[in-house]
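Just so it is clear, none of the values below were taken in a lab; they were calculated from the coordinates. This structure is a prediction, so every number in the text was calculated from the model and none was measured. So basically every Cβ, Gly included, is an ideal-geometry build from the backbone, and we count neighbours across all protein chains shown.
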Amino acid sequence: MSLQHYLVISSILFSLGIFAVLTRKNAISILMGIELILNSCNLNFVAFSRFVTPAETIVGSEVFRFDGQIIAIFGIVLAAAEAAVFLAIILAIYREFGSIRPDEVDTLKG
Amino acid sequence: MEPLKNIESLAYFSPEILLVVFAAAVIIADLLVKNRESELVAYISLAGLGCSLVAILITNSLINSNEPIPLFFGMIRLDGFAVFFKILLLLATTATILFSLRSEELDVKLKGEYYALLLAVTFGMFLMASSTNLLMIFISLETVSLTSYILAGFLTHSPRSSEAAFKYITYGAVASGTMLFGLSMIFGMAGTGDLSQISLQIASVLESGGVSTLSVLIAITFILAGIGYKIASVPFHMWSPDVYEGAPIPITAFLSVASKAAGFALFLRFFHVGFGKPEILQSIDWGFILAIVSALTMTVGNLAALPQRNVKRLLAYSSIAHGGYLLMGAVLLTPEGLGAIFFYLIVYLFMNLGAFYVVVLIANEAGTEMIDGYRGLATRAPLVAGAMAIFLFSLTGIPPLAGFFGKWVLFYAVIGEGLYWLAFIGLLNSVVSLYYYARIVKAMYFETSEDTNGLSFSTGTFALLSVFAIPTIFIGLLNIFYTFSDKITLQ
């Protein structure tokens with residue numbers, strides 16, 4: 001597989017995520033869309049790190065740099081933290097409004 | 001200068017370490033103190049901010065103004081720019097804690113978490129002001145965002161607050177996800193996460209034809225979504241009025257000043273360090289794109305503020321407009337533009353926090369956030385009304401108040417670069433803004449309310465009010481702030 005394959009997949013994932021966020025009528029589905037976006041970014045980072053950053057030769061053997069993989073790990077951690085906060089806020093919303101549909105949670109306007 | 005290794009960096013990292021230590025101390029103290037009315041945790045966090053300020057001043061004396069120190073293998077950088085923003089953010093957090101002590105909205109049971117989160121968000125903002133690596137930029141931005149979401153929804157059993165947090169996180173998560181996608185594209189093009197190398201790498205791949213200008217443009221537009229959402233610039237400003245209206249007032253004040261300042265710190269460093277090379281700027285006319293965003297931001301902010309009846313929401317739109325004015329300075333990518341932004345941020349800190357403090361006081365005493373609640377304030381609480389009038393006129397930019405000089409410096413820098421149309425739009429916007437600020441002044445001085453009882457405030461309240469009002473009058477007249485903000489450079 002070449003770099004292009006990974007980039008096409010991650011672009012599709014990203015677009016699906018944005019599509020889900022824009023069209024879904026349920027807060028949980030929106031959260032799933034956001035997770036898709038974050039995962040497409042992680043895929044991008046790992047693919048770029050594998051294909052673009054040059055391998056260094058240390059003591060005769062080729063060693064790859066792992067910058068992108070490290071960023072992806074941080075990305076996964078932050079996505080988990082974000083999901084936790086998002087779910088907590090969805091709970092608070094459900095308690096106050098009895099619904100988790102974004103179009104029903106709309107009292108602040110103007 | 002060679003980047004310092006982890007252990008060597010710790011000494012220069014002491015302001016941030018102190019904030020984390022005190023955040024942990026706040027949580028432990030909250031567990032030990034039985035009395036829920038006790039304000040011990042607030043004083044511990046104030047002490048933490050004080051210690052951090054001392055540490056910032058000490059680390060500042062260690063750096064040479066011309067040579068920034070890269071820490072932690074070049075992940076963050078300690079320079080005059082970072083020190084300036086750290087002090088500004090500390091002042092904003094201190095003011096927020098003092099407001100929170102006086103605010104009656106907050107739940108006394110959750111004090112420990114509240115102050116620990118405030119220290120944590122300040123920590124994240126410190127990192128935002130000093131990060132020079134794509135990974136660090138994203139982590140610091142997310143640290144600030146996640147804690148801000150919780151703080152915005154901190155009022156339990158308030159539907160408005162929960163809704164604010166919900167809207168904030170929905171917009172915020174998408175914006176930061178989009179930004180991360182842009183960062184990954186930049187990482188792919190440059191093959192490195194280090195901002196200062198990115199500018200060289202991108203310039204060379206653009207020259208060799210390995211990457212098209214369009215893809216750089218797309219990547220930076222994606223990144224602008226994340227940064228633009230933090231500074232609430234059009235078209236990423238939609239969240240801000242709703243969040244500002246629903247969040248607790250001290251948090252609204254904090255978000256409108258500190259979050260915006262940290263966003264600008266990130267924005268300036270990203271563009272000046274990462275894309276400051278003329279080769280990159282030549283192929284894409286960034287100045288023009290940002291100038292249009294700036295003009296739109298201030299116009300939309302000011303026009304939307306006109307019909308508002310809720311003072312918090314009005315100040316939210318006004319802070320969008322002020323983000324637009326600040327962007328005028330960012331458009332230039334020149335040292336004059338930078339100096340103007342620094343000076344305007346100092347001014348904005350005092351006048352905007354002061355205005356929000358009056359909103360806290362009126363919400364406590366009169367129990368309302370609507371403009372109608374400000375009727376007859378001149379007779380009921382003359383000093384508070386006078387201070388509010390000073391803040392509002394300063395926000396408009398009427399001489400001799402600080403806001404006028406802040407705008408003067410900004411417009412001067414913009415005209416110096418030949419962007420006359422942008423300065424003209426800024427001027428028109430200032431005139432428009434007089435209308436809605438003056439509506440509050442009119443309600444205070446020329447309208448009467450049925451309730452004519454005088455409102456009584458403590459001496460501490462007046463002392464804090466004068467801490468904001470006196471600088472708002474005098475900052476513009478003192479030379480030291482101009483020379484101070486001109487001295488800070490960004491390499």
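Tabulated data
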{"item": "Sequence-separation-based contact order of segment A:3-97, relative, with Cα cut under 8 Å and 6+ spacing, percent", "result": "25"}
{"item": "Eligible aspartates and glutamates near B:Lys167 by straight Cα distance, threshold 18 Å, same-chain separation 8 or greater", "result": "A:Glu35, A:Glu82, A:Glu96, A:Asp103, A:Glu104, A:Asp106, B:Glu142, B:Asp242, B:Glu245"}
{"item": "Average beta carbon contacts from partner chains per residue of A:90-103, 10 Å cutoff", "result": "3"}
{"item": "Spherically averaged projected area of segment B:48-191 from its Cα convex hull (nm²)", "result": "10.0"}
{"item": "Chain B - Rg over Rh from alpha carbon coordinates, Kirkwood radius", "result": "0.96"}
{"item": "Sequence-distant lysines (8 or more away, or on other chains) whose Cα lies within less than 18 Å of B:Lys34", "result": "B:Lys109, B:Lys111"}
{"item": "Relative contact order (%) - criterion: Cα under 8 Å, at least six apart; region: segment B:139-249", "result": "39"}
{"item": "Qualifying aspartates and glutamates (Cα of each under 16 Å from Cα of B:Lys407; at least 8 residues distant if same chain)", "result": "B:Glu336, B:Glu417, B:Asp486"}
{"item": "Which listed pairs, of B:Lys230/B:Lys442; B:Lys312/B:Lys442; B:Lys86/B:Lys260, have C-alpha distances above 22 Å, in listed order", "result": "B:Lys230/B:Lys442"}
{"item": "Rounded to whole Hz, the Karplus (6.51, -1.76, 1.60) HN-Hα couplings of segment B:104-109, x for glycine and proline", "result": "9, 6, 6, 7, 5, 5"}
{"item": "Which of B:Ile251, B:Ile390 has the fewest Cβ neighbours within 10 Å, and the rest in rising order", "result": "B:Ile390, B:Ile251"}
{"item": "At 1.306 mPa s and 10 °C, Stokes diffusion of segment B:285-491 via Kirkwood alpha-carbon radius, µm² per second", "result": "91"}
{"item": "Mean separation of Cα contacts under 8 Å, 6 or more apart, over the residue count of chain B: relative contact order %", "result": "14"}
{"item": "Expected 222 nm ellipticity per residue - DSSP helices of 4 or more, -39500 (n - 2.57), all of the protein assembly as shown, to 500", "result": "-24500 deg cm²/dmol"}
{"item": "For segment B:451-483 versus segment A:96-110, the gap between their alpha-carbon centres in whole angstrom", "result": "38"}
{"item": "Å³ per residue enclosed by the Cα convex hull of segment B:418-491", "result": "180"}
{"item": "Per-residue Cβ neighbour rank within 10 angstrom, fewest leading, B:Glu163, B:Glu105", "result": "B:Glu105, B:Glu163"}
{"item": "Alpha-carbon centroids, segment B:123-192 and segment B:392-419: separation in whole Å", "result": "31"}
{"item": "Qualifying GluC sites (Glu not before Pro) in segment A:21-110, DSSP loop, other Cβ atoms within 10 Å at most 14", "result": "A:Glu104"}
{"item": "Averaged over A:77-85, number of beta-carbon atoms from partner chains that fall within 10 Å", "result": "4"}
{"item": "For the protein assembly as shown, radius of gyration divided by Kirkwood radius, i.e. Rg to Rh on alpha-carbons", "result": "0.96"}
{"item": "Helix axis angle, A:67-97 relative to chain A longest principal axis, alpha carbon, degrees", "result": "10"}
{"item": "Placed amide H near B:Met370: partners under 5 Å, 5+ positions off or other chain", "result": "B:Val311"}
{"item": "Between helix A:3-23 and chain A: long-axis angle, C-alpha atoms, 0 to 90°, nearest 10", "result": "10"}
{"item": "Exposed-site-free run, longest, chain B (rule: trypsin sites (Lys or Arg not before Pro); DSSP loop; at most 11 other C-beta within 10 Å)", "result": "B:37-491"}
{"item": "Euclidean distance of C-alpha centroids, segment B:305-336 and segment B:342-362, integer Å", "result": "13"}
{"item": "Ascending count of other beta-carbon atoms within 10 Å, so fewest first, for B:Glu245, B:Glu365", "result": "B:Glu365, B:Glu245"}
